[in-house]
1. Filter the stretch 212-243 down to the residues that are under 21 Å from Pro155 (Cβ atoms) and of a type in the set (D, E, K, R) and list them by number.
2. May I ask you to list the residues in the stretch 156-173 that are modelled with pLDDT of 90 or more and within 30 Å of the chain's Cα centre (by Cα)?
3. Can you tell me which of Arg97, Arg86, Arg65 is charged (D, E, K, R) and surrounded by 12 or more Cβ atoms within 10 Å (Cβ to Cβ)?
4. Considering only the stretch 194-211, how many residues are loosely packed, with under 15 Cβ neighbours inside 10 Å and under 12 Å from Ile159 (Cβ atoms)?
5. Can you name the number of the only condition in (1) modelled with pLDDT of 90 or more; (2) assigned by TED's automatic domain parsing to the domain that holds Gln172 that Ser194 fails?
6. Taking interchain pairs and intrachain pairs at least six residues apart, which have beta carbon atoms under 6 angstrom, with the first residue in the stretch 155-175 and in contact (Cβ under 8 Å) with a residue 60 or more places away in the chain and the second in a strand (DSSP E or B)?
7. Name the pairs whose Cβ atoms lie under 6 Å apart, with the first residue in the stretch 201-214 and farther than 15 Å from Glu188 by Cβ, the second surrounded by fewer than 19 Cβ atoms within 10 Å (Cβ to Cβ) and acidic (Asp, Glu), and 6 or more positions between them or separate chains?
8. Which one of these does Ala191 not meet: (1) surrounded by fewer than 16 Cβ atoms within 10 Å (Cβ to Cβ); (2) among the aliphatic types (A, V, I, L, M); (3) in contact with a helix residue (DSSP H, G or I) (Cβ under 9 Å, 6 or more places away or on another chain)?
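The values are calculated or read from the model by the stated rules, or taken from the named source; none is laboratory data. These figures come from a predicted structure and were not determined experimentally. Cβ placement follows ideal geometry from the backbone for every residue including glycine, while neighbour counts extend to all protein chains displayed.
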Amino acid sequence: MKHHGWILDLYPKTGRMIVWLKKTDGTCVRLSDEWEPRIHVGGNIDSLEEIAWKLPAYTWRFVERFEKAGHQSKSMILEIGVGSEREALSLARRIQRYDDYSKFRLYDVDIPSAQMYLYEKDLFPLALVEAEEKGGGIEWSLRDSRESLNYALPPLRNIMLQVNTKSAGRIQKFEDELESIIIHDGNETVALESEGETEKLRRLADLFREIDPDIVLTEGGDSFIFPYLARRAELNGLLDEMVLGR
């Protein structure tokens, strides 16, 4: 199946990269591509073979790469698949401990998985693409250019989220009861004020599913609002229902 749209978000799962596409008709689709992060190790070929056989829990292979900028010829590099960014760092430290840190040269260890995936697929955030699902993977066709000055914008849907608490002091706390929730969606405003806290939280989750926003604008959302809503949902036994995103 083929999809045409913009790359809105992506994040790794075990053995896969999840990509959200904002389609040209305004809907969103979740795509899953078989992929795992990899680190690369340079060094003497005999030493690389020796260390490769010491890593039976990992998949590895030798690949030809230009190891450094300015090199005129490719070198044989050890490529090792890892399960996560944390595992990449742990494995890199383990490899460095061999021969007092001096025998091997490590690459692609501290690059976020989503960024590495985009590099490998020759894509970029918000690129206009055609994605074809094939088996367990995705075949990408870029319909955009990083260098373009005149480009189409995706039809993103934005909302503004405001949360007010029944605070006894000037500083809001997680222990404060929820007073009201206000959502501004374009020209429409929805205020959740009269219900009890449980019903307000349930209605908020319902509204997110109905509106399906691409961008949520807040003041202090990461530092307070979303952790606060998660805490109030937990206290009301609604944590599994409080899904404010795709």
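1. Passing the criteria: Asp212, Asp214.
2. Leu156, Arg157, Asn158, Ile159, Met160, Leu161, Gln162, Val163, Asn164 - these are the residues of the stretch 156-173 that are modelled with pLDDT of 90 or more and within 30 Å of the chain's Cα centre (by Cα).
3. Arg65
4. Here the count works out to 1.
5. In the conditions (1) modelled with pLDDT of 90 or more; (2) assigned by TED's automatic domain parsing to the domain that holds Gln172, Ser194 misses (1) alone.
6. Leu156/Ile215; Leu161/Ile183; Leu161/Val216; Val163/Ile181; Thr165/Glu179
7. Qualifying pairs under 6 Å: Ala205/Glu241.
8. It is condition (3) that Ala191 fails.
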